[in-house]
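**Student:** Handing you this structure, nothing more for now.
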Amino acid sequence: MTLNVRGFAATSATAPLAPHNFERRSPRDTDVVIDIMYCGVCHSDIHQARNEWHQSIYPLVPGHEIIGRITQVGAKVKGFSVGDTVGVGCMVDSCQHCDSCAESLEQYCEEGATMTYNSYDRHDNMMTYGGYSEQIVVSEKFVLRVSEKLDIKSAAPLLCAGITTYSPLRHWKVGKGHKVAVVGLGGLGHMGLKFAKALGADVTLFTRSAGKEQEAYRLGADHVVISTDEKQMDAVKNHFDFILDTVPNQHDLNPYLTTLKRDGTHILVGLIEPIEPAIHSGKLVGGRKTVAGSLIGGIAETQEMLDFCAEHNIGCDVEMIDMQDINGAYERMLKSDVKYRFVVDMASLKNA
């Protein structure tokens, strides 16, 4: 028997999000049913709701930074019990047999991961719907344990903003002795500062405008460089081992590449558009430098990240909103008017 669920959905690229009832699949033997308590609001939710990536299927229920409690477990579920506090991130399934899945890198599934929303379920072809809703049904393999040490409100955005910045830092083995720069101070950037600092690196924030110094230091930066100031940029030439670039729109990478050491890496986690202006390849060839990309993290690494956050008392800086305020929150996000992630209190859905 399918579950009738209430949520908020976009019904077209131009329609505001509004209350919407929809069907979730009947729980399978390996599924858990989760009552959603909190859901983070990611910039990609806006892209999807407004069909800016040209693949949205309506009605569309966004939300992939989910924290909730298990209310039901399938007969074959072994790792979770009713009452557990758990998380669900950007994926809810993958093929489970390709090389990437075998290496616990489900985000790079060669058949394509099943995303938490706006994907077709690979078993029954039903549409997946996200966390702007009262319940979700998920395979236990894609459910994450949430430590009682974590503030569960600020833990919600860790399921995307957190893992997106943690994964490349871990992959490139960032730690003591490394000089790391973070480009951009938003939902991703502020987590990049926190993680790089906790991993032991010397951390710099690149920002285009003055006035963010004290905030950056609060979040873990050791230094702040104004990227529009030529003297400041000259002072950090050939300086950084690693640049974590969280900016989600097109911007010039060339000035930043000059600040990398030989064999340094500039990693893109926010930009999924063509790079404009073009990279001057001499900046790479002249120092054996690399421009790379990284996508969220696998389930095992996401669990590692949550445990790391619990151990180091790391959470996302959040502003709580009611579900009814989501459209206003989208407009504020587009103006960068949030520090640093909105989280929806799903209890408010009862009043929608």
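The values are calculated or read from the model by the stated rules, or taken from the named source; none is laboratory data. Being a predicted model, the structure only gives us computed values, none of them experimental. For neighbour counting, all protein chains shown are included, and Cβ atoms are generated from backbone atoms with ideal geometry for every residue, glycine included. With ligands, DNA and RNA removed, areas are computed over all heavy atoms of the protein, side chains included. Shrake-Rupley method; radii C 1.70, N 1.55, O 1.52, S 1.80 Å.
**Student:** Taking the criterion of being modelled with pLDDT under 95, over 28 Å from Arg170 (Cα atoms) and not in a helix (DSSP H, G or I), would at least one residue in the range 340-352 satisfy it?
**Tutor:** Looking through the range 340-352, at least one residue is modelled with pLDDT under 95, over 28 Å from Arg170 (Cα atoms) and not in a helix (DSSP H, G or I).
**Student:** Any residue at all in the range 170-185 that's modelled with pLDDT of 95 or more and assigned to a helix (DSSP H, G or I)?
**Tutor:** Among the residues of the range 170-185, at least one is modelled with pLDDT of 95 or more and assigned to a helix (DSSP H, G or I), which makes the answer yes.
**Student:** Same structure again: Go through the residues of the range 71-87 one by one and say whether even a single one is without any contact (Cβ under 8 Å) to a residue 40 or more places away in the chain, among the basic types (Lys, Arg) and open to solvent by 30 Å² or more (accessible area, probe 1.4 Å). Don't jump to the end; show me each part of the working.
**Tutor:** Our first condition is that a residue be without any contact (Cβ under 8 Å) to a residue 40 or more places away in the chain; within the range 71-87, this holds for 81-83.
Now narrow it down to the ones that are among the basic types (Lys, Arg): none.
No, because not a single residue in the range 71-87 is without any contact (Cβ under 8 Å) to a residue 40 or more places away in the chain, among the basic types (Lys, Arg) and open to solvent by 30 Å² or more (accessible area, probe 1.4 Å).
**Student:** Residues that are on the phi > 0 side of the Ramachandran plot and without any contact (Cβ under 8 Å) to a residue 12 or more places away in the chain: does the range 50-59 have at least one? Show your work before the answer.
**Tutor:** Taking the range 50-59 first, the residues on the phi > 0 side of the Ramachandran plot are 51, 54.
Keeping just the survivors that are without any contact (Cβ under 8 Å) to a residue 12 or more places away in the chain gives 54.
The answer is yes, given that some residue of the range 50-59 is on the phi > 0 side of the Ramachandran plot and without any contact (Cβ under 8 Å) to a residue 12 or more places away in the chain.
**Student:** Within the range 59-76, work out how many residues are assigned to a loop (DSSP other than H, G, I, E, B) and in contact with a Ser or Thr (Cβ under 6 Å, 6 or more places away or on another chain).
**Tutor:** Total meeting the criteria: 5.
**Student:** Take the residues in the range 117-144 that are more than 15 Å from Asp31 (Cα to Cα) and not in a loop (DSSP other than H, G, I, E, B), then tell me which one is nearest to the chain's Cα centre (by Cα).
**Tutor:** Ser133
**Student:** Would the range 63-70 turn up any residue that is in contact (Cβ under 8 Å) with a residue 24 or more places away in the chain, over 23 Å from Asp325 (Cα atoms) and open to solvent by less than 70 Å² (accessible area, probe 1.4 Å)? First the steps, then the outcome.
**Tutor:** Pass one, the range 63-70, residues in contact (Cβ under 8 Å) with a residue 24 or more places away in the chain: 63-70.
Pick out the ones that are also over 23 Å from Asp325 (Cα atoms) and you get 69-70.
Then drop every residue that is not open to solvent by less than 70 Å² (accessible area, probe 1.4 Å), which leaves 70.
Checked the range 63-70: at least one residue is in contact (Cβ under 8 Å) with a residue 24 or more places away in the chain, over 23 Å from Asp325 (Cα atoms) and open to solvent by less than 70 Å² (accessible area, probe 1.4 Å).
**Student:** Go through (1) open to solvent by 40 Å² or more (accessible area, probe 1.4 Å); (2) over 27 Å from His54 (Cβ atoms) for His43 and report which single condition fails.
**Tutor:** Every listed condition holds for His43 apart from (2).
**Student:** Based on what the data block shows, is Ile34 in contact with a Phe, Trp or Tyr (Cβ under 7 Å, 6 or more places away or on another chain), among the β-branched types (Val, Ile, Thr) and either open to solvent by less than 20 Å² (accessible area, probe 1.4 Å) or farther than 27 Å from Arg145 by Cα (or both)?
**Tutor:** Values: in contact with a Phe, Trp or Tyr (Cβ under 7 Å, 6 or more places away or on another chain): no; among the β-branched types (Val, Ile, Thr): yes; either open to solvent by less than 20 Å² (accessible area, probe 1.4 Å) or farther than 27 Å from Arg145 by Cα (or both): yes.
So Ile34 fails the test.
**Student:** A further question follows. Considering only the range 185-214, how many residues are small (Gly, Ala, Ser) and buried (at least 22 other Cβ atoms within 10 Å of the Cβ)?
**Tutor:** Initially, the range 185-214 is screened for residues small (Gly, Ala, Ser), giving 186-187, 189, 192, 196, 198, 200-201, 209-211.
Cutting the leftovers down to buried (at least 22 other Cβ atoms within 10 Å of the Cβ) gives us 187, 189, 192, 196, 201.
Result for the range 185-214: 5.
**Student:** I'd like to know if the range 295-314 contains one or more residues that are in contact with a strand residue (DSSP E or B) (Cβ under 6 Å, 6 or more places away or on another chain) and of a type in the set (Gly, Ala, Ser).
**Tutor:** Scanning the range 295-314 turns up no residue that is in contact with a strand residue (DSSP E or B) (Cβ under 6 Å, 6 or more places away or on another chain) and of a type in the set (Gly, Ala, Ser).
**Student:** A further question follows. Tell me which of these Met126 doesn't satisfy, since it passes every other one: (1) buried (at least 17 other Cβ atoms within 10 Å of the Cβ); (2) under 28 Å from Ala10 (Cβ atoms).
**Tutor:** (1)
**Student:** Name every residue in the range 273-289 that is surrounded by 13 or more Cβ atoms within 10 Å (Cβ to Cβ) and either acidic (Asp, Glu) or outside any helix (DSSP H, G or I) (or both), in order of residue number.
**Tutor:** Passing the criteria: Ile275, Ile279, His280, Gly287, Lys289.
**Student:** I want to confirm something. Restricting to the range 297-339 and keeping residues that are part of a loop (DSSP other than H, G, I, E, B) and in contact with a Gly (Cβ under 7 Å, 6 or more places away or on another chain), which single residue is farthest from Ala18 (Cα to Cα)?
**Tutor:** Cys316
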